[in-house]
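Below is one structure, written out as C-alpha cells, with a few remarks after it.
None of the figures in this text is laboratory data; all of them are computed from the coordinates on show. Bear in mind the structure is a predicted one, so any value in this text is a computation, not a measurement. Quick reminder, even Gly has a Cβ in these numbers, built from the backbone with ideal geometry, and neighbours come from all protein chains shown.
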Amino acid sequence: MSNSTLTPAGKGAAERTAGTVTAAQPRKSFGHWFRDKGWRHLVGVVMGVFALFPLAYVLSAALSPTGTLVSANGLFTTIAFDNFIDLFSDPQKPFAKWFMNTLIVGLITSAGTVFLGALAAYSFSRMRFTGRRFGLMSLMLLQMFPQMLGVVAIFLLLSGISDVVPWLGLGSQTGLIMVYLGGALGVNTYLMYGFFNTVPKSLDEAARIDGASHVQIFFTIILRLVTPILAIVGLLSFITATGEFLIASIVLNDPDAQTLAVGLYSFVGDSQSRTWGVFAAGAVLAALPVMALFLFLQRFISSGLTAGAVKG
C-alpha cells in the first residue's frame, strides 16, 4: 500500500513509529565512542610516533651540517647536504663500492636462500624417505643455537680454505655468501616446509597422472602457489645479509670488499674522529635498497595469496 492511500490516522501512526525508531538510536557520546573504538586510534597514533621518531631523528642528523647528534635535538632546524657530499668524497672510505658490495651479497644470498630452501622444503613436504623425520628435528634443534657461537669455527674454516681456494676463504665475498647460506638454510627451510604443507597434494597427484615429474611439478605448479612465503623469505634474507655486522667484519678484511654494515662503522669506530652526521647519511642511503625490495615484493605477497584458487 502506498503512502497516498493511507488515511490521516494511518499517516500519523507511521510518523510516530519513525520518530520512535529515530529516538531509539541517539548519537553516541565522545566517552562511549572512545571506549568502543577511539582508544584504538590513540594506540595507533602512539605506536606510529614511536616507530617514526627514530627515522626522523636519523634523517635530521644526516641533514644537519654540524656533523653531531646533539644538534639534532631540534629536528630539521638546519638543512644541508654536506654530510652526503662527504660520504662520497673520502677515497679511503669508498661508500659507493660498499653499497654495490652490499647489493651483490644481499641479492645473491637472498636468491640462493629462497631456491635452496624451496628445494629442501618441497622434498620434506612431498617425499617420504629414510631420515626425513630426523632431518626435520635436526633443523628445528639447530635453530636453538645462534650463528654467533660458530664465529671461531667459521674463521678457522675459512682461514684453512684460503690456502687451497683463495676466492672462497677469508677476504672474499663468496665465502661470506656461503656462510650466510649455511646459517639461514635451516630456519627458512622449516618456515617454508609449513607453507608447502598447505598446498593440496591432489594437485601433485593430478599432475603425475598427466605424466609430470617432480621437477615439472615443483617449477610449474608449486612455486606459483607458494609465492607469498618465497617473497617473505627472500626479503628477510636480504635484510639479514645487508645488516649483519659480526661475521662480515671477520670475513671481509679488505676495505674494498666490505659491506655497508662494516664500512659505516669506520665513521664512528674511531673515538678521535667520529663523524655521526656522515654515519647518519650513510644509514639513510643504506635503508633505500630494503625499502625498494619491500615495495617490489609486496605485490607478489598479495597476489600469491589468491593464486592457489582451483577451478572446480
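In nm, what is the difference between 0.36 nm times the number of residues separating Ser249 and Arg299 and their Cα-Cα distance?
Working: separation 50, 0.36 × 50 = 18.00 nm, distance 3.44 nm.
That works out to 14.6 nm of additional length.
Based on alpha-carbon centroids, what's the gap between the range 98-141 and the range 225-304 in Å, whole number please?
Using only Cα atoms, the two centres lie 20 Å from each other.
Taking 7 Å along the Cα-to-C-beta vector as the label spot, tell me the Leu42-Leu288 distance in nanometres, rounded to one decimal.
Spacing of the two 7 Å Cα→Cβ label points: 4.1 nm.
Normalised by the number of residues in the range 39-113, what is the relative contact order in percent for Cα pairs under 8 Å and 6+ residues apart? Please list the in-between numbers first.
Numbers: 43 pairs, mean separation 14.2, N = 75.
With pairs under 8 Å counted, the relative contact order is 19 percent.
Based on the inverse mean of 1/r over its pairs of different Cα atoms, what is the Kirkwood hydrodynamic radius of the range 28-157, in Å?
Values: mean 1/r = 0.0471 Å⁻¹.
For the range 28-157, the Kirkwood estimate is 21.2 Å.
Could you work out how far apart the two model spin labels at Ser213 and Met127 are, taking each label as a point 7 Å from the Cα in the direction of the beta carbon, and quote it in nm?
So the label points at Ser213 and Met127 sit 1.3 nm apart.
Compute the FRET efficiency between Phe134 and Tyr265 as 1/(1 + (r/R0)^6), taking r as their Cβ-Cβ distance and R0 = 45 Å, and round to the nearest 0.05. Working shown, then result.
Details: r = 41 Å, r/R0 = 0.91.
Efficiency, from the Cβ-Cβ distance: 0.65.
Excluding residues fewer than 8 places away in the same chain, name every one of the aspartates and glutamates whose C-alpha is closer than 12 Å to that of Lys93.
Asp254, Asp256
What list of ³J(HN,Hα) couplings, whole Hz, do you get for the range 132-145 from phi and the Karplus terms 6.51, -1.76, 1.60, once you set θ to phi - 60° and write x for glycine and proline?
5, 5, 5, x, 5, 5, 5, 4, 6, 6, 5, 6, 6, 10
Using the Cα atoms as the points, what is the convex hull volume per residue of the range 164-312 in Å³?
Working: hull volume 21.1 nm³, N = 149.
It is 141 Å³ per residue.
Could you go through the range 189-203 in sequence order and give the Karplus-derived ³J(HN,Hα) for each residue, using 6.51 cos²θ - 1.76 cosθ + 1.60 with θ = phi - 60°, rounded to whole Hz, and x for Gly and Pro?
So the Karplus estimates, Gly and Pro as x, are 4, 5, 5, 6, 4, x, 6, 4, 5, 7, 7, x, 6, 4, 5 Hz.
By how many nm would the segment from Val165 to Tyr57 grow when fully extended, if each residue of separation counts as 0.36 nm and the alpha-carbon distance is taken off? Could you put the intermediate results ahead of the total?
Numbers: separation 108, 0.36 × 108 = 38.88 nm, distance 4.52 nm.
Result: 34.4 nm gained on full extension.
What is the local net charge at Arg208, summed over the other residues whose Cβ is closer than 14 Å to its Cβ (Lys, Arg +1; Asp, Glu -1)?
On the way: positive: Arg126, Lys201; negative: Asp204, Glu205, Asp210.
Taking every Cβ under 14 Å from that of Arg208, the sum is -1.
Could you state the per residue volume, in Å³, of the convex hull enclosing the Cα atoms of the range 248-296? If you can, show how the numbers build up before the last one.
Working: hull volume 4.2 nm³, N = 49.
Spelled out: Cα convex hull of the range 248-296, divided by residues, is 86 Å³.
Please sort 106-116, 212-222 by packing, taking for each peptide the average over its residues of neighbouring beta carbons within 10 angstrom, highest first.
Ranked from most to least packed, the peptides come out as 106-116, 212-222.
Please give me the summed charge of the neighbours of Lys97: other residues whose Cβ is under 12 Å from its Cβ, Lys and Arg +1, Asp and Glu -1.
Numbers: positive: Lys93; negative: Asp90, Asp254, Asp256.
Result for the local shell: -2.
Give me the aspartates and glutamates in straight-line cross-link reach of Lys201: C-alpha distance below 20 Å, same-chain residues under 8 apart excluded.
Straight-distance partners of Lys201: Asp210.
What share of Cα pairs, in percent, lie more than 22 angstrom apart in the range 119-222?
Values: 2647 of 5356 pairs.
In whole percent, the long-distance tail amounts to 49.
Determine, for each peptide in 145-154, 180-189, the mean count of other beta carbons within 10 angstrom over its residues, then list the peptides with the highest first.
Details: 145-154: 12.4, 180-189: 20.3.
The densest-packed peptide leads the list: 180-189, 145-154.
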